[in-house]
Amino acid sequence: MVSHVFLRHLAIATLALSWTVAAHAADPLVNGSWAVQNANAPGIVFLDVQSARNYQRRQIPGSIHTEYPEDGWRYFTSELGVAIPSPAEFARMVGGLGIANGDHVVIVATGSNERDMSVATDVYWTFRFFGHAEVSILDGGLQGYRSARGPVESGEGTKRPATEYASRRRSRILAEYDDVFGALGVSVLVDHRPYANYLGINKSNLAKSYGAIPGTKHLPAEWLMKDGGGVFRTKDELMRLFAFAEIRTDGQTISIGDSSLEGSLGWFAMSEILGNRSAKLYTGGMAQWTRRGENPLVRRVNIDAP
């Protein structure tokens with residue numbers, strides 16, 4: 001005869017197993033209706049990455065705020081360009097926000113354009129890189145939440161008590177300088193900057209030189225969003241765009257931007273929506289590439305030529 005104690009332990013074990021499965025089942029994208037239903041739900045933390053001014057004007061009730069990149073999400077050095085935090089730095093930052101390892105973090109941008117959403121994807125990538133299991137992006141950002149009739153509040157917002165946080169690196173989603181240099185001519189590099197930057201007509205303030213890395217394919221980050229807004233295109237639409245740009249959607253790919261912003265948007269589309277788990281992000285971007293020695297560049301339109 002099966003004892004009540006055995007059944008009780010079996011029920012507890014089953015519940016723990018089901019929680020573990022659920023803890024790894026967060027969808028990369030959640031919509032406004034989901035956010036309305038889950039605002040203030042236990043174990044769900046809405047992390048707002050708008051500017052401090054926008055956050056204080058309109059925020060999801062109970063959401064917490066972080067300033068990107070100033071709070072430590074990214075650093076800039078004259079030699080290396082854009083750099084990511086160390087595991088200890090990330091743990092201090094996230095623990096200081098009151099986020100625990102088991103929390104489901106939902107990242108909230110303003111949602112006006114691809115620039116807003118690239119901040120969300122960069123923060124998302126950073127959580128993934130440091131081993132956080134449950135993290136999602138609010139598709140359409142705060143605008144998507146408000147379109148779903150979600151209530152907002154204003155003011156300084158919510159502060160959560162600091163907690164201990166343990167981080168670990170998941171290097172398989174990171175492409176470093178040597179990975180990019182080794183991929184020259186292999187057609188796995190994808191440039192997600194504006195077309196004028198890719199051609200060498202313009203450059204960002206972060207890059208020291210005009211042009212693109214030789215052999216890169218090009219797919220502007222703004223194409224990944226519907227009508228230039230804050231809503232991601234569907235999987236089918238993204239497949240057609242990547243096919244048009246002659247970019248493979250399986251096997252190794254390395255996404256590149258001027259910093260890690262545009263690149264993270266491309267990586268998110270490739271890895272999290274299209275499901276290519278071999279996709280990587282070059283966090284150093286063109287800011288780093290144009291500072292590391294005499295790296296090759298292709299300037300397709302040289303408007304400065306005599």
Q) Within region 235-250, is there a residue that is at pLDDT below 95 and not hydroxyl-bearing (Ser, Thr, Tyr)? A) yes
Taking region 204-219 and keeping only residues that are touching a residue at least 40 places away in the same chain (Cβ under 8 Å) and either in a loop (DSSP other than H, G, I, E, B) or surrounded by fewer than 18 Cβ atoms within 10 Å (Cβ to Cβ) (or both), one is left with SER204, LEU206, ALA207, LYS208, SER209, TYR210, GLY211, ILE213, PRO214, THR216, LEU219
message: Take the conditions assigned to a helix (DSSP H, G or I) and at pLDDT 75 or above and apply them to TRP34. Does it pass?
response: yes
Those helices (runs of 4 or more DSSP H) completely within region 227-306 that have 3 or more residues that are surrounded by 20 or more Cβ atoms within 10 Å (Cβ to Cβ) and out of contact with any Lys or Arg (no Cβ under 9 Å at 6 or more places or on another chain) are 261-268
Q. Going by the conditions given, is ASP71 of a type outside the set (S, T, N, Q) and more than 27 Å from ALA175 (Cβ to Cβ)?
A. no
Of the candidates VAL82, VAL119, VAL105, the one satisfying the condition of being touching a His at 6+ places or on another chain (Cβ under 8 Å) and either outside the structural domain of SER260 (by TED's automatic domain parsing) or polar (S, T, N, Q) (or both) is VAL105
Being touching a Phe, Trp or Tyr at 6+ places or on another chain (Cβ under 7 Å), closer than 16 Å to ALA26 by Cα and touching a residue at least 12 places away in the same chain (Cβ under 8 Å) narrows ILE60, ILE137, ILE44 down to just ILE137
Reported set for region 49-76 where residues are among the charged types (D, E, K, R) and within 22 Å of VAL152 (Cβ to Cβ) is ARG53, ARG57, ARG58, GLU67
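The values are calculated or read from the model by the stated rules, or taken from the named source; none is laboratory data. Being a predicted model, the structure only gives us computed values, none of them experimental. With ideal geometry, Cβ positions are generated from the backbone for all residues, glycine too; neighbour counts draw on all protein chains shown.
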